Each structure stands twice: as structure tokens, then as C-alpha cells.
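Data block below; observations after.
The values are calculated or read from the model by the stated rules, or taken from the named source; none is laboratory data. In this text the structure is predicted, and so the values were computed from the model without any measurement. Cβ: placed from backbone, ideal geometry, glycine included. Neighbour counts: every protein chain shown. Just so you know, the surface numbers come from the protein's heavy atoms only, side chains and all, with ligands and any DNA or RNA stripped out. Shrake-Rupley method; radii C 1.70, N 1.55, O 1.52, S 1.80 Å.
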Amino acid sequence: MSSALVSCHVERPLDVEVWRLFSRLQERRPGGFRIAALMRPPHEGEDRDLWLGRAREAAARGAFGHHTHWTSPTHARPTWGDPARRVREEGVWLRESGLAPTLFCGGGWYMDEAVAETVASLGYTDCTSSRGGPCLVRLRNGALLGELPTTHSIGALARNAPRRHPPFLHAYFHDYDLLDRKRRYALLVSLSLLGMHASLASFELQAGAPEVSYDEAFAS
């Protein structure tokens, strides 16, 4: 039997309809899964007070994480500047605001070793890798970064029959996927089926996870 996790990249937390749909899904817990909210911190000009209120709501319903978009709310990967510095500044702001994220996923699946070292220093478990199972990533500075790879999109989850799922499965979706009725239905059905054929895993890395190198975890 597989063990499974489910997370959402919450990229439009200030959109009224997107937030309503995501909140309802988190409360519903399809398949029994407590859906983790990996939230994009606000960019310049966005309403930080509203964002913080919604982040606290999401954190009360499940695991809470930090999902950096480096360039803009709609452009995830970095195009300039120091990616690690942005993660550090956002992480400090989140904690100073009374939030305690435990997870991280780089926007656009971006990761470099400086970002990885920053994520480890913030005490996060990373979810940016897209292959393998839970592990500890040994970084070149000697730090260990907990890793819970994100392995299945909505499409991959829907295409694979439960009997074909790997021993560890971490499914994800974007909050704006919920605006599309067909994708929302596919997600609900897939998670309901998954919940019948998989055990619910924890977002806390379990003892005994194997140690791997940075290149083994993140090299394309």
C-alpha cells in the first residue's frame, strides 16, 4: 500500500473565489487528506493584512508552507537578484508575523544550493524535488535538508490506477485549478480513490530516512 500526501500551491490567496474554493476543499478533506497549504507570500502592492488572515486560516486546517515566487505573483522562477536572499527575507517576515511554516516548495520547481541551504537554515522540510521518496539531502555546507518530493500532478494522479501507485506519493495542485469544474472534479475523484488505497502519510519526516547528495535529489 502506498503512503500519500497532498499539498496545494496557493498562488492566488487574495482572489475571493479561488480562496473560497480552496478553503472549502481544505475543510472537506477529500479521501481523508489534510491538504497542506504552500502559500506564496505577498509581493509589493498586495494586501499583507488580508494575506496574513487567510494564511492563519489555512494553517489552522493543515500543514502550512512557504512557496516563493521570485519574479512576480504570476512569474514563479527567478529572473534577477539573489534567490536565496528572497527566501530568507520572506521566511523571517512570516515568523515575525506569527506564522510557523514547516514546508517549502520553490516556485516553478526552482532550487539551487544557496536556496537549499537557506531552506535548511529556516528549519523547513523541502518539497521541491520531483522524484524518489522521503530523504535527507546532505548539502555542501554540511547541513541536512529534509525532503518530501512532490511526485504527482492532478493529471498523473488521475491517469494512474491505485494499484500502480509507488510506495510514496505526494500529489499537488494549484489553487486556481479549482476554478475549472472538470479539474476540480478530477481532483476530488482522484483523492477519494487514493484515500481508499493509500495510508495517510505525515508531513513530518520520519526517522530512518536515507541520506542522499544534493545532485541525487535535484539534478535534472
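Listed residues Gly146, Gly123, Gly107; which is of a type outside the set (Val, Ile, Thr), more than 28 Å from Gly45 (Cα to Cα) and touching a residue at least 40 places away in the same chain (Cβ under 8 Å)?
Gly146
Restricting attention to segment 167-194, which residues are touching a strand residue (DSSP E or B) at 6+ places or on another chain (Cβ under 8 Å), in contact (Cβ under 8 Å) with a residue 40 or more places away in the chain and not in a loop (DSSP other than H, G, I, E, B)?
Answer for segment 167-194, where residues must be touching a strand residue (DSSP E or B) at 6+ places or on another chain (Cβ under 8 Å), in contact (Cβ under 8 Å) with a residue 40 or more places away in the chain and not in a loop (DSSP other than H, G, I, E, B): Phe168, Leu169, His170, Ala171, Tyr172, Phe173, His174, Asp175, Leu187, Leu191, Leu194.
Using the structure shown, decide if Leu25 is at pLDDT 95 or above and within 21 Å of Tyr185 (Cα to Cα).
The answer is yes for Leu25.
Do any helices (runs of 4 or more DSSP H) lying entirely in segment 32-143 carry at least 1 residues that are closer than 28 Å to Leu21 by Cβ and open to solvent by 30 Å² or more (accessible area, probe 1.4 Å), and which ones are they?
Result: 48-61, 83-96.
Name the residue that is nearest to the chain's Cα centre (by Cα), counting only residues in segment 10-31 that are within 28 Å of Arg77 (Cβ to Cβ) and assigned to a loop (DSSP other than H, G, I, E, B).
Of everything passing the filter in segment 10-31, Glu11 is nearest to the chain's Cα centre (by Cα).
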